[in-house]
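Structure first, commentary second.
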Amino acid sequence: MSDLCFESNSVTKTVAVGGAVARALRAGDVVALSGELGAGKTQLVRGIATGFDADPRAVSSPTFVLMQEYEAQPTVVHIDAYRIDSLDDLESMGWDEPTQNSSVNVIEWADRIASELPEDRVAIDIEHLGDEKRQLRITLHGKLHTREKQLRTALLDHADIGLPCPICKTPVLHGDEAFPFCSPRCKTIDLGRWLGGDYKITREVDWENDDLATMERDTDGDS
């Protein structure tokens, strides 16, 4: 499995993350959301649903009805598992195998029925850090780990989360260990280019205020 960790500092950003996640989903997928009350799970669902052209105004927490369906392509099924004991409860409400296979299925409070969810799923944990700041951890379980690059690209392009690796342009998230590089290998290559004189800084450096990680490099070598 793969873990992608990063922060959101606004509701707008959390919704945008949901839209980016939607670009890595397809019919039959299950998204398992966890996080305390008020963490922003429903905002993330709104972004996912909007990513499939559903009406964002239709998205609300299904706390009392337990399951809602949003008209989209494919249909987005939104489930609240807070008061559910097992998948049998969901099947009795109509979340059967044909419905699951033809829809993108997003489950809030999924940790309460985690043992009954399919192995191949996207797990998203949201932690409330104060005010509108949230930490998100996305884990691609089972075969869905093959979509990591697609998801990283969507987070970079559509939610402005992270940067392209300066060496190979692979999307890198702020929570990655080698940030702003995608790997220790690319980090070592970059260091070698500095030591070898391949790079030159085209303006005077403000050592107190410049972000050296994002400073544009002028190099004669390929990256």
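The values are calculated or read from the model by the stated rules, or taken from the named source; none is laboratory data. None of the values given here were measured: they were computed from a predicted structure. Every residue, glycine among them, receives a Cβ derived from its backbone with ideal geometry; neighbour counts consider all protein chains shown.
General observations
- Every listed requirement among (1) loosely packed, with under 13 Cβ neighbours inside 10 Å; (2) in a strand (DSSP E or B) is met by residue 57 save one, (2).
- Taken residue by residue, the range 141-164 has at least one member that is over 27 Å from residue 39 (Cβ atoms), in a helix (DSSP H, G or I) and of a type in the set (Val, Ile, Thr).
- Residue match in the range 193-210 (condition: modelled with pLDDT under 95, under 27 Å from residue 16 (Cβ atoms) and touching a strand residue (DSSP E or B) at 6+ places or on another chain (Cβ under 8 Å)): no
- The range 1-30, residues that are within 17 Å of residue 73 (Cβ to Cβ) and of a type outside the set (Lys, Arg): 18, 19, 21, 22, 24, 25, 27, 28, 29
Rundown of residues vs (1) in contact with a Leu (Cβ under 9 Å, 6 or more places away or on another chain); (2) in contact (Cβ under 8 Å) with a residue 40 or more places away in the chain, yes/no style:
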| site | (1), (2) |
| --- | --- |
| 98 | no, no |
| 103 | no, yes |
| 145 | no, yes |
| 163 | yes, yes |
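- Hits in the range 35-60 (condition: hydrophobic (A, V, I, L, M, F, W, C) and under 19 Å from residue 154 (Cα atoms)): 44, 45, 48, 49, 52, 54
- For the range 32-54, taking the residues that are in a loop (DSSP other than H, G, I, E, B) and crowded, with 18+ Cβ neighbours inside 10 Å, the one that is farthest from the chain's Cα centre (by Cα) is identified as 54.
- Residue check, residue 95 more than 21 Å from residue 15 (Cβ to Cβ), aromatic (Phe, Trp, Tyr) and outside the structural domain of residue 170 (by TED's automatic domain parsing): yes
- One residue stands out among those in the range 121-133 that are in a loop (DSSP other than H, G, I, E, B) and touching a residue at least 40 places away in the same chain (Cβ under 8 Å): the one that is farthest from residue 147 (Cα to Cα), which is 132.
- With respect to the stated conditions, residue 24 fails to be in the same structural domain as residue 78 (by TED's automatic domain parsing), more than 21 Å from residue 160 (Cβ to Cβ), out of contact with any His (no Cβ under 6 Å at 6 or more places or on another chain) and not in a strand (DSSP E or B).
- Filtering the range 82-107 to residues that are at pLDDT 90 or above and not in a helix (DSSP H, G or I) leaves 102, 103, 104, 105, 106, 107.
- Across the range 149-167, not a single residue is classified as touching a strand residue (DSSP E or B) at 6+ places or on another chain (Cβ under 6 Å) and loosely packed, with under 15 Cβ neighbours inside 10 Å.
- Qualifying residue in the range 98-113 (condition: surrounded by fewer than 20 Cβ atoms within 10 Å (Cβ to Cβ), among the charged types (D, E, K, R) and out of contact with any helix residue (DSSP H, G or I) (no Cβ under 7 Å at 6 or more places or on another chain)): yes
- Scanning the range 160-180 for residues that are in contact with a Phe, Trp or Tyr (Cβ under 9 Å, 6 or more places away or on another chain) and under 26 Å from residue 50 (Cβ atoms) turns up 161, 162, 163, 172, 173, 174, 175.
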